[in-house]
Amino acid sequence: QVKVMESGGGSVQAGDSLRISCEVSGYAQKINCLGWFRQAPGKEREGVATIYTYTTNSSRKFYHASVKGRFTIAQDNAKNIVSLQMNSLQPEDTAIYYCAADPFVGNVYSGAYFDHQVRCGKFRLDQYWGQGTQVTVSA
């Protein structure tokens with residue numbers, strides 16, 4: 001059974017930093033698409049950052065415009081663990097942060113593989129989700 005578990009959320013003041021982490025267990029292979037999403041009360045869930053790993057083990061990171069330059073996503077080289085370092089936090093960053101994992105299963109030379117790359121970069125992950133961790137930023 002695949003499990004996604006976020007940790008590290010909390011309450012901080014504007015300008016502070018916070019690092020949240022996510023561990024995906026129950027999946028033997030390295031997941032090539034991992035990401036962070038967030039949802040504030042009364043708003044739709046939005047993509048924050050994703051990291052896509054190619055077969056060469058090189059990776060590419062994607063960020064929402066509102067967090068680029070402040071947040072950094074990273075993946076453990078050996079395990080399906082992804083972190084989000086959040087700097088210069090602002091009240092508008094307050095939300096429940098969800099971790100998502102979307103592994104590709106199939107032929108890496110197929111069109112589906114390329115489609116998966118595109119989806120990851122567009123924050124379109126839909127396979128495994130965590131329960132979320134609350135991040136609250138006060139002014």
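The values are calculated or read from the model by the stated rules, or taken from the named source; none is laboratory data. All of these numbers come straight from a predicted model, not from anything done at the bench. Neighbour counts run over all protein chains shown; Cβ positions are idealised from the backbone, glycine included. These accessible areas exclude ligands, DNA and RNA; they are computed on the full protein's heavy atoms, side chains included. Shrake-Rupley method; radii C 1.70, N 1.55, O 1.52, S 1.80 Å.
Things worth noting here:
- Members of the range 46-58 found to be open to solvent by 50 Å² or more (accessible area, probe 1.4 Å) and part of a strand (DSSP E or B), listed by number: E46
- Within the range 105-139, restricting attention to residues that are in contact with a Cys (Cβ under 7 Å, 6 or more places away or on another chain) and in a loop (DSSP other than H, G, I, E, B), the residue that is farthest from V82 (Cα to Cα) is L125.
- Scanning the range 25-47 for residues that are over 24 Å from V105 (Cβ atoms) and touching an Asp or Glu at 6+ places or on another chain (Cβ under 9 Å) gives R38, Q39, A40.
- Selected residue (criterion: least open to solvent (accessible area, probe 1.4 Å)) from residues of the range 120-134 that are under 16 Å from Y63 (Cβ atoms) and at pLDDT 95 or above: C120
- Residues being under 22 Å from M5 (Cα atoms) and open to solvent by less than 40 Å² (accessible area, probe 1.4 Å) - total across the range 100-119: 4
- A search for C-beta distances below 6 Å between a residue of the range 18-36 that is of a type in the set (D, E) and any residue that is in a strand (DSSP E or B), counting only pairs 6+ apart in sequence or on different chains, returns E23/M5; E23/I81.
- Extreme residue, least open to solvent (accessible area, probe 1.4 Å), among residues of the range 59-93 that are over 16 Å from the mean Cα position of the chain (by Cα) and at pLDDT 95 or above: L89
Residue-wise test of (1) within 19 Å of N80 (Cα to Cα); (2) in contact with a helix residue (DSSP H, G or I) (Cβ under 7 Å, 6 or more places away or on another chain); (3) of a type in the set (D, E, K, R); (4) open to solvent by 60 Å² or more (accessible area, probe 1.4 Å).
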site: A14; (1), (2), (3), (4): no, yes, no, no
site: E23; (1), (2), (3), (4): yes, no, yes, yes
site: A28; (1), (2), (3), (4): yes, no, no, yes
site: Q39; (1), (2), (3), (4): no, no, no, yes
site: E44; (1), (2), (3), (4): no, no, yes, yes
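- Checked against (1) part of a loop (DSSP other than H, G, I, E, B); (2) polar (S, T, N, Q); (3) within 23 Å of Q127 (Cβ to Cβ), S88 meets all criteria but (3).
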